[in-house]
Amino acid sequence: MDKTLHVGMVHYSCPPVVGGVEEVLSQQAAILHRNGQSVSIIAGMGENYTDAFPVQIEGLLGSTNKRVANAHEKIRHGVFRPTKKLTEEIVQVLEGWAQGLDVILAHNVLHMPFNLPLALALRRLASSRDAPAIVSWAHDSPYLQPNFPAHMNDHPWNVLRRPHPNIHYVTISEARRRLFSKMMGDHVPWRVINNGIDPASLLYLDGKSVKLAEELNLFGRDLVVVQPSRITPRKNLELSIHIIRGLKLLGYDVLFVLTGAYDPHEKKAVSYYRRLRYWIKELGLKNNIAILAEYRFRDKTKLVPDRIFIRDLYLISDLLLMTSKDEGFGLPLIEAGLIKLPIACSEIPPFLEVGTKVCFFGLNDSPLSIAGRIMEYLGRSNTHKMFRKVMKHYVLDIIYKQQLMPFLGGLIDRRENPDR
């Protein structure tokens with residue numbers, strides 16, 4: 001959607017407090033902000049941990065607040081006044097914070113028993129006609145356990161398992177959706193939006209590596225193949241191009257990244273480069289091959305690969321491909337081996353000496369048969385299957401585009417156009 005969304009996020013705590021939900025909250029806020037949305041966090045514990053967006057710490061929202069603990073204890077003795085008073089105070093805090101927000105993502109606090117007044121306050125806010133859309137982002141609940149405390153069935157604790165007509169319900173996996181549906185009833189329309197990871201932060205990717213990954217959709221492809229070779233005839237790059245065509249013919253959305261440059265002053269190198277360009281065009285591989293020697297980012301800046309960039313490519317690729325006719329050693333093979341990147345290479349003596357349990361092929365083998373052998377080789381690798389599943393389904397940028405924004409955009413559209 002074209003409109004900037006104003007998204008508020010609520011939890012008992014935020015970074016630097018360490019925890020699974022705190023990490024999800026932080027990552028979700030970061031991906032929204034990175035994509036131009038307006039983000040605001042409110043939490044009971046933590047710090048103003050970033051300059052990118054506002055973080056508000058309000059002690060009454062915490063899971064260890066003494067007044068909240070006292071109110072919980074009073075409930076056990078049939079005294080509800082402290083809970084009602086805290087609920088009123090938290091409603092006022094939330095109303096002030098929520099001014100101008102389109103949607104509030106309440107992480108876990110509507111189902112967990114660590115701050116009942118906060119859960120009640122959010123439900124009260126959801127009943128207000130002018131409130132933002134409120135989403136219960138449910139990670140867990142004591143009701144999902146077989147031996148939850150008996151008092152959780154009593155008023156007012158049982159509100160934690162009752163749906164609210166104005167609250168939208170999201171959980172993090174299909175397995176969790178089934179459990180929450182059983183807990184709250186099949187009539188509650190739960191939406192599944194997975195947790196994810198940010199390869200840029202987890203792998204400490206360089207900025208230009210992330211930029212290239214976004215522009216060429218490296219995370220969303222079926223297969224990313226890297227070849228760190230200079231553009232010279234002995235590297236046999238025409239075979240690489242035909243192998244990539246074979247992979248495409250087998251039905252894979254493949255991207256081949258050729259990192260090396262060529263010498264523009266060497267006539268043979270220029271002629272060879274032009275011949276490669278001819279094959280790429282002739283075979284319809286323009287969207288499947290990126291030659292970084294000529295690559296320009298969308299902002300027209302030139303990409304200059306360095307050692308960090310090559311390392312990053314190894315980390316986010318599925319396969320190292322080497323088709324050389326002649327080499328003195330095979331340095332890319334040991335680089336790939338160090339990070340457990342699968343390798344397919346020609347069976348020339350230096351590669352045979354260095355490589356172990358890699359996918360070897362003959363220089364005279366047909367490109368299509370090599371492509372088939374590569375996919376059979378990758379198919380035997382459990383780590384590759386998991387790697388590609390993570391890249392295609394659990395990278396935050398993918399989740400943002402395919403799950404989170406369609407969901408949030410739909411919420412706002414229904415609020416603004418209720419008659420549709």
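Every number here is computed from the coordinates shown, using simple stated rules; none is lab data. Source: prediction; values computed, not measured. Positions of Cβ are backbone-derived with ideal geometry, glycine not excepted, and every protein chain shown enters the neighbour counts.
Things worth noting here:
- In the elastic network of the chain, a GNM with C-alpha springs shorter than 10 Å, the most mobile of GLY260, GLY337, GLY20 is GLY20.
- Listed residue pairs exceeding 20 Å between alpha carbons, taken from LYS211/LYS300; LYS211/LYS385; LYS208/LYS300; LYS208/LYS268: LYS211/LYS385; LYS208/LYS268
- Integer Hz, Karplus 6.51/-1.76/1.60 couplings in order for region 354-363, x for Gly and Pro: 7, x, 9, 6, 9, 8, 8, 8, x, 5
- HN-Hα J in Hz across region 22-37 - Karplus 6.51, -1.76, 1.60, θ = phi - 60°, x for Gly and Pro: 4, 5, 4, 4, 4, 5, 5, 4, 5, 5, 5, 4, 4, 9, x, 8
- Karplus-based coupling profile of region 140-148, in residue order and whole Hz: 7, 6, x, 5, 7, 8, x, 10, 6, with θ = phi - 60° in 6.51 cos²θ - 1.76 cosθ + 1.60 and x standing for Gly or Pro.
- 39 Å tail of the calculated P(r), the chain, as % of Cα pairs: 37
- With helices as the sole contributors, the chain gives -12500 deg cm²/dmol at 222 nm; each DSSP H run of n ≥ 4 counts as -39500 (n - 2.57), and the sum is divided by every residue.
- Cβ-derived FRET efficiency at R0 56 Å, PHE148 paired with HIS33, nearest 0.05: 0.95
- Once the Kirkwood radius over Cα pairs is known for region 257-388, the Stokes-Einstein relation at 25 °C and 0.890 mPa s delivers a diffusion coefficient of 148 µm²/s.
- The fewest-to-most ranking of HIS384, HIS187, HIS111 by surrounding Cβ atoms within 10 Å reads HIS187, HIS384, HIS111.
- The amide H of ILE289, built 1.01 Å from its N in the peptide plane, has PHE256 as neighbours under 5 Å, considering only residues 5 or more places off or on other chains.
- Annotation: amide H-H contacts under 5 Å for GLN56 (H modelled 1.01 Å from N, sequence separation of 5 or more, or interchain): ILE41, ILE42, ALA43.
- Reach of LYS74 by Cα under 27 Å, taken over lysines that are not fewer than 8 positions away in the same chain: LYS66, LYS84, LYS85
- Contact order, relative form, for the chain: 12 percent (alpha carbon pairs under 8 Å, 6 or more residues apart, mean separation divided by residue count).
- Note on region 26-78: the C-alpha convex hull projects to 4.5 nm² when averaged across all orientations.
- When you count the other C-beta atoms within 10 angstrom of each residue and take the mean per peptide, 328-334, 282-288, 122-128 line up highest first as 122-128, 328-334, 282-288.
- For ILE231, distant residues with modelled amide H under 5 Å away: ALA261, TYR262
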